[in-house]
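A.B. asks: Take a look at the following structure, please.
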Amino acid sequence: MDLIFKNIAVLGSSGAIGGAFVRILSDKYQNANIYAFSRTVGYHIDYTDEDSLSEAANLASSHGPLDLVIVATGVLHNNEIMPEKSIKELSAEKFNYIFQANTIVPALIAKHFLPKLNKDNVSIFAALSARVGSISDNQLGGWYAYRASKAALNMIIKNAAIEMSRMNKKAIILGLHPG
């Protein structure tokens, strides 16, 4: 089945994966409205501000319902926070930062963008998760905050998929493992 996407939103478009999605989708769907959101380039968004998320969802759906939404936000580490190799490295600061980026932000994006999905044709909401968020697949341990945040994101995606199956029969809600 070859899908035709007319209205596309990519959140986290300034990152490597989000930017790649924008480039590929721009090439494949040259006549589509593509809204590339980030904190630094494209359409500006503040992921921690629900008014900003609501405005972004309204802008992206201003030419019609959304056919594809890709959430490519998230973080494994930054200059100050590295994945924990031992339980001794846990901190509330790390957990708060990682959960905000990997779980709370995608959940709030879903809150504002899922109602804008196309109900007449197949539409897709995809959020980048990670295989390391699988509880049964964890054979190595470590990366406590990251693994936990992605496991929580997987549950949010599952819950959203169940809820949307009742409200929008043509919507597909999924988590993507980028590896």
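A.B. asks: Is it the case that some residue within region 158-165 is out of contact with any strand residue (DSSP E or B) (no Cβ under 7 Å at 6 or more places or on another chain), surrounded by 13 or more Cβ atoms within 10 Å (Cβ to Cβ) and more than 29 Å from ASP2 (Cβ to Cβ)?
C.D. replies: Yes, region 158-165 contains a residue that is out of contact with any strand residue (DSSP E or B) (no Cβ under 7 Å at 6 or more places or on another chain), surrounded by 13 or more Cβ atoms within 10 Å (Cβ to Cβ) and more than 29 Å from ASP2 (Cβ to Cβ).
A.B. asks: Now for a separate question. Looking for whichever is out of contact with any strand residue (DSSP E or B) (no Cβ under 6 Å at 6 or more places or on another chain) and either hydrophobic (A, V, I, L, M, F, W, C) or touching a residue at least 60 places away in the same chain (Cβ under 8 Å) (or both) here; the options are VAL71, VAL22, VAL41. Which one fits? Talk me through it step by step, then tell me what you get.
C.D. replies: Numbers: VAL71 fails: out of contact with any strand residue (DSSP E or B) (no Cβ under 6 Å at 6 or more places or on another chain); VAL22 fails: out of contact with any strand residue (DSSP E or B) (no Cβ under 6 Å at 6 or more places or on another chain).
Only one candidate qualifies: VAL41.
A.B. asks: More than 21 Å from LYS150 (Cβ to Cβ), loosely packed, with under 12 Cβ neighbours inside 10 Å, among the small types (Gly, Ala, Ser) and free of Cβ contacts under 8 Å to residues at least 40 places away in the same chain: is that true of SER52 in this structure?
C.D. replies: no
A.B. asks: If you scan region 96-129, which residues turn out to be surrounded by fewer than 16 Cβ atoms within 10 Å (Cβ to Cβ) and part of a helix (DSSP H, G or I)?
C.D. replies: ASN96, GLN100, LYS111, PRO115
The rows are residues; the columns are (1) on the phi < 0 side of the Ramachandran plot; (2) among the hydrophobic types (A, V, I, L, M, F, W, C); (3) under 13 Å from the mean Cα position of the chain (by Cα).
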{"residue": "HIS44", "(1), (2), (3)": "yes, no, no"}
{"residue": "THR48", "(1), (2), (3)": "yes, no, no"}
{"residue": "ASN58", "(1), (2), (3)": "yes, no, no"}
{"residue": "LEU66", "(1), (2), (3)": "yes, yes, no"}
{"residue": "ILE70", "(1), (2), (3)": "yes, yes, yes"}
{"residue": "GLY74", "(1), (2), (3)": "no, no, yes"}
{"residue": "SER86", "(1), (2), (3)": "yes, no, no"}
{"residue": "ALA92", "(1), (2), (3)": "yes, yes, no"}
{"residue": "ILE104", "(1), (2), (3)": "yes, yes, yes"}
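A.B. asks: Looking at LYS85, is it in a loop (DSSP other than H, G, I, E, B) and surrounded by fewer than 22 Cβ atoms within 10 Å (Cβ to Cβ)?
C.D. replies: Numbers: in a loop (DSSP other than H, G, I, E, B): yes; surrounded by fewer than 22 Cβ atoms within 10 Å (Cβ to Cβ): yes.
Against the criterion (in a loop (DSSP other than H, G, I, E, B) and surrounded by fewer than 22 Cβ atoms within 10 Å (Cβ to Cβ)), LYS85 qualifies.
A.B. asks: Could you list, in sequence order, all residues of region 130-162 that are free of Cβ contacts under 8 Å to residues at least 12 places away in the same chain and not in a loop (DSSP other than H, G, I, E, B)?
C.D. replies: At the first step, the residues of region 130-162 found to be free of Cβ contacts under 8 Å to residues at least 12 places away in the same chain are 136-141, 155, 158-159, 162.
The answer is MET155, LYS158, ASN159, ILE162.
No value in this document is a laboratory result; all are computed from the given coordinates. Given the structure is predicted, the values throughout are model-derived calculations rather than measurements. Backbone-built Cβ (ideal geometry, glycine too); neighbour counts: all protein chains shown.
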